[in-house]
1. Hey, can you tell me all the residues within region 34-69 that are closer than 17 Å to residue 111 by Cα, in contact (Cβ under 8 Å) with a residue 40 or more places away in the chain and among the hydrophobic types (A, V, I, L, M, F, W, C)?
2. Which of (1) within 12 Å of the ligand (Cβ to nearest atom); (2) surrounded by 13 or more Cβ atoms within 10 Å (Cβ to Cβ) is the odd one out, the single condition residue 117 does not satisfy?
3. What's the total number of residues in region 60-76 that are of a type in the set (S, T, N, Q) and closer than 19 Å to residue 4 by Cβ?
4. With open to solvent by 60 Å² or more (accessible area, probe 1.4 Å) and within 13 Å of the ligand (Cβ to nearest atom) as the only criterion, which of 63, 59, 32 stands out?
5. Considering only residues that are surrounded by fewer than 10 Cβ atoms within 10 Å (Cβ to Cβ) and in a loop (DSSP other than H, G, I, E, B), which ones fall in region 1-20?
6. Of the residues 112, 42, which single one is under 20 Å from residue 4 (Cα atoms) and open to solvent by less than 80 Å² (accessible area, probe 1.4 Å)?
7. Among (1) farther than 25 Å from residue 102 by Cα; (2) surrounded by 14 or more Cβ atoms within 10 Å (Cβ to Cβ), where does residue 23 come up short?
8. If you scan region 99-109, which residues turn out to be surrounded by fewer than 21 Cβ atoms within 10 Å (Cβ to Cβ) and within 9 Å of the ligand (Cβ to nearest atom)?
Amino acid sequence: MNIDIIDIKTITTEKEGQLSFFEADKDFDFDIKRIYYITKVSEGVKRGAHAHKNLKQLIWCPIGSVKIYLDNIREKREIILDNPAKGLVIKESVWRDMLWLKSDSVLCVAASDYYDADDYIRDYDEFIKYAGGVI
Ligand code: T46
């Protein structure tokens with residue numbers, strides 16, 4: 001599947017908590033053009049239900065717990081992001097759903113391109129046709 005799980009470098013300072021960071025070109029292979037984050041979501045809520053034609057994204061959850069469902073037609077996977085030191089890179093042609101396992105979990109995303117509604121595939125049947133042609 002067109003995904004990678006990466007370790008986000010995390011430094012613990014005694015009694016002062018943690019600092020996590022990642023660096024483009026070193027930790028993943030695309031330049032970041034956009035950062036966004038999703039907040040104020042209640043436990044049990046699902047978002048997503050789409051794939052991207054070209055966009056690549058690094059997703060991480062520094063606070064809380066979110067389950068990511070991934071599907072490339074041939075394979076389905078589930079990954080829980082619940083740790084500031086864990087990142088998920090999702091590349092092209094992967095259908096994703098996100099389920100909030102804890103209220104107010106924060107989901108952060110570094111994306112390879114600007115927002116473009118035309119890069120989304122929001123119809124699953126259309127995704128099957130699209131992914132069947134590119135995988
Ligand atoms: C993804 C998952 C992980 C914008 O106007 N600009 C933006 O940069 C983004 C990301 C969204 N929007 C608008 C589009 C919709 O009207 O914000 C609204 C909510 O977006 P959406 O329903 O796509 O949100 P999610 O949580 O289902 O998906 C988002 C990203 O859109 C998507 O690329 O992979 O997070």
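The values are calculated or read from the model by the stated rules, or taken from the named source; none is laboratory data. As the structure is a computational prediction, the values presented were derived from the model and not from experiment. A quick note on method: Cβ atoms are made from the backbone with ideal geometry, for glycine too, and the neighbour counts reach across all protein chains shown. We work out accessible area using only protein heavy atoms, side chains counted, and drop any ligands, DNA or RNA first. Shrake-Rupley method; radii C 1.70, N 1.55, O 1.52, S 1.80 Å.
1. Of everything in region 34-69, those that are closer than 17 Å to residue 111 by Cα, in contact (Cβ under 8 Å) with a residue 40 or more places away in the chain and among the hydrophobic types (A, V, I, L, M, F, W, C) turn out to be 35, 38, 51, 55, 58, 59, 60, 61.
2. Every listed condition holds for residue 117 apart from (2).
3. Summing the residues that are of a type in the set (S, T, N, Q) and closer than 19 Å to residue 4 by Cβ in region 60-76 gives 1.
4. Answer to the check: 32.
5. Across region 1-20, the qualifying residues are 14, 15, 16.
6. Values: 42 fails: under 20 Å from residue 4 (Cα atoms).
On inspection, the qualifying residue turns out to be 112.
7. Just one mismatch for residue 23, condition (2).
8. 109
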